[in-house]
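*Asks:* First the structure, which I've put down as structure tokens, then a few questions once you've had a look.
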Amino acid sequence: SNSIFKEYNVKAIIGTSNPHIEGIPYIGLEKLISNDNESVLKILFPELKNQQTLNKINEKLVENISLERLLSAVTILDVNTVLKMISNLINELEKTLNITVKNNQRLVLYVHTSALIERMIRNEPLKNYESNINGKRLQKCLKIKRAFREIENTYGIDIGKSESNYIYDIIYNY
């Protein structure tokens, strides 16, 4: 019914929130910029088998992604405010967890956190992400939660266990 689907051969939808359109795969923005580009390319171009061509497409994809472009997908937030708050968040995470966030993790944190804020404002929290955490992981997740205070207070949101657990995986398993 949507004219975009009549006008174009839509291969996939890339964004921060899955619109659940039947027959069209959804690719989260974070997955697109993560180290898992190969699986994304297989979703977008299942018929393409030539690895050299896939590598070239991947290069162009990465080349055309910039933080500003990624965050332009954020529609209801002031991008500059969000960027500053996420920068503060990452600094706080590095300090309290005694870690150094790598560039690819930093980029994923910027995209995920901006999408997280929008989802929470729209009352669409992350669902069913293993929130069964204990021991050292629990202690680190509590520190992650505390690092989100500024963002939670500014936007009147509560990130919850699933989100802090997801952030933990970005930091420690990425």
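The values are calculated or read from the model by the stated rules, or taken from the named source; none is laboratory data. This one's a predicted model, so the numbers in the text were calculated from it and none came from an experiment. No Cβ is skipped: glycine too gets one built from the backbone with ideal geometry, and neighbour counts run over all protein chains shown. When the accessible area is computed, the model is the full protein with side chains, heavy atoms only, and any ligands, DNA or RNA have been set aside. Shrake-Rupley method; radii C 1.70, N 1.55, O 1.52, S 1.80 Å.
*Asks:* Give the residue that is least open to solvent (accessible area, probe 1.4 Å), with candidates limited to residues of the range 150-169 that are aromatic (Phe, Trp, Tyr) and closer than 17 Å to LEU97 by Cα.
*Replies:* Filtering first and then ranking leaves TYR168.
*Asks:* Here is a further query. Hey, among LEU93, LEU126, LEU109, which residue is surrounded by 14 or more Cβ atoms within 10 Å (Cβ to Cβ), outside any helix (DSSP H, G or I) and either in contact with a Ser or Thr (Cβ under 6 Å, 6 or more places away or on another chain) or among the aliphatic types (A, V, I, L, M) (or both)?
*Replies:* LEU126
*Asks:* Among the residues of the range 131-149, what is the count of those that are assigned to a helix (DSSP H, G or I) and either open to solvent by 70 Å² or more (accessible area, probe 1.4 Å) or free of Cβ contacts under 8 Å to residues at least 12 places away in the same chain (or both)?
*Replies:* Here the count works out to 8.
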